[in-house]
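The block underneath contains the structure these notes are about, expressed in structure tokens.
Read the figures in this text as sums done on the coordinates, not as results from a lab. Because the structure is a prediction, the values reported are computed rather than measured.
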């Protein structure tokens, strides 16, 4: 289940690391926002996997839809002379930190429950 997001992350990292694509400076904000949206989708996928609610179709559609929508909002904001990319960065940042906090809580809860089960089995 989690193999798709992890393999996408590894393939994407290797593609950038090996080929070092040149990004024109005027596209830098859009690419950064698209990457942030992709990271949001990956962290959300990890959270859903830990909660046993992960669905690959939702992940793939959300991954690309969020990236495109975030970049489009930044683009249209740029054309209108409004810094909409800041709103996108703030919204995605809040989502990422919320998902990371919930993921951390799930890891800690699973570890505490495993420790209690080992202690109960030893007694």
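Results, tabulated for the structure shown:
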{"quantity": "Among (1) 14.4; (2) 16.4; (3) 16.1, the entry derived from the coordinates for Kirkwood radius over Cα pairs in Å", "calculated": "(2)"}
{"quantity": "Highest-MSF residue in the chain out of 80, 20, 72 [GNM, Cα springs under 10 Å]", "calculated": "20"}
{"quantity": "Average Cα contact separation per residue, the range 3-122, under 8 Å, 6 or more apart, as relative contact order %", "calculated": "30 percent"}
{"quantity": "Of 84, 42, 92, the one that fluctuates the most in a GNM where the chain has Cα springs shorter than 10 Å", "calculated": "84"}
{"quantity": "Net lengthening on full extension, residue 118/residue 11 (0.36 nm per residue, minus Cα-Cα)", "calculated": "34.7 nm"}
